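Trainee: Provided herewith is a single structure, encoded as structure tokens, for subsequent inquiry.
Read-outs throughout are calculated quantities, based only on the coordinates presented, and are distinct from any laboratory measurement. Model, not experiment: these values are computed from the prediction. Backbone-built Cβ (ideal geometry, glycine too); neighbour counts: all protein chains shown.
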Amino acid sequence: MKKIISASILSADLCNLEREIGRAEKAGCEYIHFDVMDGVFVNNISYGIPVLKSVSKVARAVLDVHLMIIDPIKYIKQFAESGADIITFHYEAAESCADVMDAIHSCGKKAGISVKPETPVSVLEPYLDKVDMILVMTVEPGFGGQGFIYDCLDKIKELKAMLDSRNLHTPIQVDGGINDVTAMRASDAGAEILVAGSYLFNSPDMEKSVSLLKK
Ligand code: DX5
Ligand code: ZN
């Protein structure tokens, strides 16, 4: 299976975002992963709409926005107008996943739903035929640099089987603790879009690290 790499700029040098995005693109990352944290849904605050606007002016890669915020529907239009290509929200944060997906689709963007490590993938069943991507978190959302939760591999396998049995080719994304070892495990389980932050941005040779992730 072809793997897509989404570079999480949460671990980039934020004073030099343009340079860091260029570095990730040159190294072979197809997506730039943009983590939005509100300090309520997760215990951390990152960056939001004005930064996304600036990033969209310089990024050529697909802008993969991961909303870790409560009440996501409130901000869909603004993120869509600020340059997001894919907007992923959390199942746990949405009052109605169907309504949030509709809001994303009506802005002409791709919709992703994400589940935290504790949330079973069976909850996604009603949305499978509409969603464009599913993000299985492999750490508790909120911080970069955490260790991969191996228990989540079974969830990826279960989700892959759910999709296969419906003849759906919806890509599964994984996020958290991805490195050359865990990337292999996650893709063997069925993931095809791999988010990596600290592994890539702390690497002395990003191009080599990207090729190890894609192996
Ligand atoms: C965590 C974020 C991730 C984070 C991943 O809540 O959603 O995208 O940047 O960082 P690493 O790859 O360092 O685990
Ligand atoms: Zn993320």
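Trainee: Given (1) out of contact with any helix residue (DSSP H, G or I) (no Cβ under 8 Å at 6 or more places or on another chain); (2) within 14 Å of ligand 2 (Cβ to nearest atom); (3) not charged (D, E, K, R), where does Leu168 come up short, assuming only one miss?
Mentor: (2)
Trainee: All but one of (1) surrounded by fewer than 20 Cβ atoms within 10 Å (Cβ to Cβ); (2) away from ligand 2 (no atom under 13 Å from the Cβ); (3) under 26 Å from Arg23 (Cβ atoms) hold for Ser198; which doesn't?
Mentor: Evaluating Ser198 over (1) surrounded by fewer than 20 Cβ atoms within 10 Å (Cβ to Cβ); (2) away from ligand 2 (no atom under 13 Å from the Cβ); (3) under 26 Å from Arg23 (Cβ atoms) leaves (2) as the failure.
Trainee: Another question, if that's okay. Looking at Gly142, Gly177, which is the one that is near ligand 1 (Cβ under 8 Å from one of its atoms), on the phi > 0 side of the Ramachandran plot and touching a residue at least 40 places away in the same chain (Cβ under 8 Å)?
Mentor: The conditions single out Gly142.
Trainee: Being more than 16 Å from ligand 1 (Cβ to nearest atom) and free of Cβ contacts under 8 Å to residues at least 40 places away in the same chain is the filter here; which residues of region 22-58 pass it?
Mentor: Once the filter is applied, which keeps residues that are more than 16 Å from ligand 1 (Cβ to nearest atom) and free of Cβ contacts under 8 Å to residues at least 40 places away in the same chain, region 22-58 yields Gly22, Glu25, Ile49, Pro50, Lys53, Ser54, Ser56, Lys57.
Trainee: Would you mind listing the strands (runs of 3 or more DSSP E) fully within region 46-149 where at least 2 residues are in contact with a strand residue (DSSP E or B) (Cβ under 6 Å, 6 or more places away or on another chain) and among the small types (Gly, Ala, Ser)?
Mentor: Of the strands (runs of 3 or more DSSP E) lying wholly inside region 46-149, those with at least 2 residues that are in contact with a strand residue (DSSP E or B) (Cβ under 6 Å, 6 or more places away or on another chain) and among the small types (Gly, Ala, Ser) span 110-115.
Trainee: Let me ask something additional. Any residue in region 4-21 that is in a helix (DSSP H, G or I) sitting within a Cβ distance under 9 Å of a residue that is within 13 Å of ligand 2 (Cβ to nearest atom) and among the polar types (S, T, N, Q)? List the pairs, counting only those 6 or more apart or interchain.
Mentor: Filtered contacts from region 4-21: Leu10/Ser46; Leu10/Ser198; Ser11/Ser198.
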